[in-house]
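The structure under discussion appears below in the form of structure tokens.
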Amino acid sequence: MTIQTAFLTTDYRTEFADFEGVTYLNASLQGPMPIVAAHEAVAALEWKKHPYRLPDSAYFDLPDRIREKVARLVGGRPEEVAVTTGTSAGLAAVAAGIDWRPGDEVLVGRGEFPAHFSTWLRYEQAGKLRVRVVEPKGRFISADDYIAHIGPRTRVISASLVRFDNGALLDAASVARAGERVGAALILDLAQCAGAMTINLRDLGASMAVCSGYKWLLGPYGAGFFWVASEWIERLPLGAVYFMGLEGAREFHAMPSGNLRPAPGARRWDSAEPASFTNLAAFDSSLDLVLRIGVAAVERYNDALIAEIIDGLRRTNYALASPAERQRRGPFVCVSAGDPKQTLSLYEKLRVAQVSVSLRENALRVSPHIYNTPKEISRFMQILSQ
């Protein structure tokens with residue numbers, strides 16, 4: 001697919017606020033909230049201004065709508081979804097729940113997002129586990145790198161499906177199969193791909209998955225989800241439990257003081273105050289838009305825009321800093337000058353030209369979304385060619 005065929009029959013740019021002349025190619029950092037989602041957040045604030053308007057059903061029905069929509073996006077079931085504040089909340093639930101034994105190992109790839117290290121820090125310092133850092137043999141970490149480190153003491157493999165720093169896509173299914181042989185759980189971080197590429201967590205063999213909602217899902221900061229495969233729901237011990245994650249919580253005034261049990265499904269891992277109205281009302285609306293457009297349509301459109309970037313790089317002094325093969329890459333690309341000073345110079349040049357990308361190590365992360373146009377990609381490439 002080329003940029004000439006990347007046009008959509010619907011102009012989804014109208015779903016978003018005016019970007020004030022900025023070419024925004026930075027969904028991997030923050031996805032802009034759709035106008036309708038911002039309106040829903042304002043409406044939820046009105047509930048707090050006039051709390052007598054707040055329906056009792058909102059406390060449970062709003063999080064349940066999130067579960068249903070997230071499940072459709074990741075190939076899961078609503079009862080497998082906990083509503084959280086983001087990626088770190090899901091990782092923390094795993095760390096707090098597992099009955100760690102001295103010598104247990106957690107595998108984390110070199111250069112992973114910091115949450116994949118900070119989550120396990122206090123447990124490692126307490127002597128409950130050991131974090132083993134997986135070193136890539138090639139430029140980008142691969143399934144073989146993880147598999148080579150899996151052993152009888154491996155309890156958890158904590159990995160991004162798409163790496164934040166270079167866009168490399170993990171062959172998660174191969175890692176999952178290797179982990180299953182020793183009883184290890186594979187936790188996938190979906191922050192850099194959910195909403196922008198087709199995902200079926202069952203096909204990937206994941207035990208659990210964590211995700212923030214403020215990037216490709218276009219939701220507010222502080223919204224996310226934690227997916228737990230059905231067979232792991234009873235297998236994963238509980239950490240802290242919010243009362244709304246208990247059986248019978250809808251009739252909380254009649255709950256017994258003893259013999260409390262967690263509710264069926266993953267809601268037992270909901271973050272406290274899961275019906276945070278301003279966040280979830282907006283998130284619910286953002287998910288509606290993503291589902292209405294269709295993840296497959298987003299993926300096709302982004303592929304066309306990114307293909308133009310990759311093709312154009314050969315006419316510049318910059319190089320691709322992500323895997324070249326589409327099957328090994330997520331929904332964005334990184335480009336680099338090789339020399340860190342030149343990469344930084346390009347970043348500053350783009351900022352002056354009001355083109356928003358992210359600087360990550362010695363590379364620029366370029367992440368278009370459904371609101372970007374072929375014309376904006378051409379403008380970006382013209383700046384790289386100067």
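Below, the figures for the structure above:
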quantity: Hits in the stretch 118-158 (condition: among the acidic types (Asp, Glu) and open to solvent by less than 40 Å² (accessible area, probe 1.4 Å)); calculated: Asp145
quantity: Single condition Pro237 does not satisfy, out of (1) touching a residue at least 24 places away in the same chain (Cβ under 8 Å); (2) within 30 Å of Leu45 (Cβ to Cβ); (3) not acidic (Asp, Glu); calculated: (2)
quantity: Hey, Arg53 open to solvent by 10 Å² or more (accessible area, probe 1.4 Å), at pLDDT 95 or above and touching an Asp or Glu at 6+ places or on another chain (Cβ under 8 Å) or not; calculated: no
quantity: Filter result (touching a helix residue (DSSP H, G or I) at 6+ places or on another chain (Cβ under 7 Å) and either in a strand (DSSP E or B) or of a type outside the set (S, T, N, Q) (or both)) within the stretch 204-215; calculated: Leu204, Gly205, Ala206, Met208, Ala209, Val210, Cys211, Ser212, Gly213
quantity: Thr278, sole failed condition from (1) touching a Pro at 6+ places or on another chain (Cβ under 8 Å); (2) open to solvent by less than 40 Å² (accessible area, probe 1.4 Å); (3) modelled with pLDDT under 95; calculated: (2)
quantity: Test: residue in the stretch 218-226 that is assigned to a strand (DSSP E or B), touching a residue at least 24 places away in the same chain (Cβ under 8 Å), touching an Asp or Glu at 6+ places or on another chain (Cβ under 6 Å) and closer than 16 Å to Ala93 by Cα; calculated: no
quantity: Counted residues, the stretch 166-188 - those being open to solvent by less than 30 Å² (accessible area, probe 1.4 Å), not hydroxyl-bearing (Ser, Thr, Tyr) and not in a strand (DSSP E or B); calculated: 10
quantity: Residue count for the stretch 70-87, restricted to those that are closer than 15 Å to Ala159 by Cα and either of a type in the set (A, V, I, L, M, F, W, C) or surrounded by fewer than 20 Cβ atoms within 10 Å (Cβ to Cβ) (or both); calculated: 0
quantity: Residue among Arg365, Arg379, Arg329 that is open to solvent by 30 Å² or more (accessible area, probe 1.4 Å) and either more than 24 Å from the chain's Cα centre (by Cα) or of a type outside the set (A, V, I, L, M) (or both); calculated: Arg379
quantity: Residue match in the stretch 189-198 (condition: assigned to a loop (DSSP other than H, G, I, E, B), more than 22 Å from the chain's Cα centre (by Cα) and at positive phi); calculated: no
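The values are calculated or read from the model by the stated rules, or taken from the named source; none is laboratory data. Source: prediction; values computed, not measured. As a convention, Cβ positions derive from the backbone with ideal geometry for all residues, glycine included, and neighbour counts pool all protein chains shown. Surface accessibility is based on the protein's heavy atoms, side chains included, excluding ligands, DNA and RNA. Shrake-Rupley method; radii C 1.70, N 1.55, O 1.52, S 1.80 Å.
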